[in-house]
Amino acid sequence: MREDVRGRHSQAQEFDALRVKQNQIGEHLPRDHDFDVPDALVEEELANRCQNYARSSLRKVSTSRSGARLNKISEDFSPRGGQGA
């Protein structure tokens, strides 16, 4: 059982280290390189982040407030500038 816990802990540390590297790359690329990002990719990433935010905020905020806030965030950061689909 201890080996199992150690193994899971080790995997979690490796995952955390990988996530840090991915974030560093993600922050570095836009500063040094110009490239177009398709609207569909931006919208998909925004939807994923909103879903993650909703999951984490459900414990803290009522669902109606959370939903309204997510809609506002989606509109503000949408490539279409809040004009909808």
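The values are calculated or read from the model by the stated rules, or taken from the named source; none is laboratory data. Keep in mind the model is a prediction, meaning the values are calculated, not measured. Every residue, glycine among them, receives a Cβ derived from its backbone with ideal geometry; neighbour counts consider all protein chains shown.
Results, tabulated for the structure shown:
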| quantity | calculated |
| --- | --- |
| Residue check for residue 78: surrounded by 10 or more Cβ atoms within 10 Å (Cβ to Cβ) and at pLDDT below 75 | yes |
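To keep it simple, each residue is scored yes or no on (1) surrounded by fewer than 10 Cβ atoms within 10 Å (Cβ to Cβ); (2) outside the structural domain of residue 76 (by TED's automatic domain parsing); (3) not in a helix (DSSP H, G or I); (4) not hydroxyl-bearing (Ser, Thr, Tyr).
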site: 17; (1), (2), (3), (4): no, yes, no, yes
site: 25; (1), (2), (3), (4): yes, yes, no, yes
site: 29; (1), (2), (3), (4): no, yes, no, yes
site: 41; (1), (2), (3), (4): no, no, no, yes
site: 44; (1), (2), (3), (4): no, no, no, yes
site: 51; (1), (2), (3), (4): no, no, no, yes
site: 55; (1), (2), (3), (4): no, no, no, yes
